[in-house]
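Reviewing the structure listed below.
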Amino acid sequence: MAVLFLAAALAGCAESEIPQGMRILDGDPETGARHIREYGCPACHTIPGIRSAKGIVGPPLNKFALRAYITGQYPNTPDNLVRWIMDAPAMAPQTPMPDMGIPEDEARHIAAYLYTLR
């Protein structure tokens, strides 16, 4: 019965709506898109909605909001994603993603954008 209720509730959601558990407090997707371009993320990643983002060094970020894990080992939660954006090597020392020096407030905006990718 609970499964049917959940399925019915989700059926009414627009695809563009960000699930409650993935909403970033004080995060603005439009500002995040700007920061993505400013920090050069398109050089390494393909990112839907970012015109110049055709990189192939890092993984493509399409449908990022639907992924269960970040870097294959951390649950895809807002807190983990913000930490990852701020300093990926601190979470996974072997990652080729560099510490970009992104402050938390800007990382929150970038995360908000990534969670729009469904």
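Brief remarks on what is shown
- Residues Tyr74, Tyr113, sorted so that the one with the fewest Cβ neighbours within 10 Å comes first: Tyr74, Tyr113
- Net charge dipole size for the stretch 17-114 [Lys, Arg +1 and Asp, Glu -1 on Cβ; Debye, nearest 20]: 460
- Relative to the current alpha-carbon distance between Asp28 and Thr46, full extension at 0.36 nm per residue lengthens the span by 4.5 nm.
- Cut-off under 5 Å, modelled amide H: who pairs with Ile70 long-range: Asn76
- Remark: Val82, Val57 ranked as Val57, Val82, counting other beta-carbon atoms within 10 Å and listing the fewest first.
- Likely footprinting exposure, Arg108, Arg51, fewest C-beta neighbours within 10 Å first: Arg51, Arg108
- Backbone amide hydrogens, once placed in the peptide plane, bring Thr46 within less than 5 Å of Gly55, Leu61, excluding anything fewer than 5 places away on its chain.
- As a calculated quantity, the FRET efficiency between Arg37 and Ala90 at R0 = 22 Å, using C-beta atoms, amounts to about 0.35.
- Rg ratio for the stretch 17-114: its Cα radius of gyration over 2.2 N^0.38 Å, N being its residue count, equals 0.97.
- Remark: the Tyr74-Asn62 segment gains 2.5 nm on full extension, using 0.36 nm per residue and subtracting the alpha carbon distance.
Throughout, read-outs are computed from the coordinates displayed, never taken from laboratory work. Treat the numbers as computed from the prediction; the structure is a model and nothing was measured. Ideal geometry is used to build each Cβ from the backbone, glycine not excepted, and the neighbour counts take in all protein chains shown.
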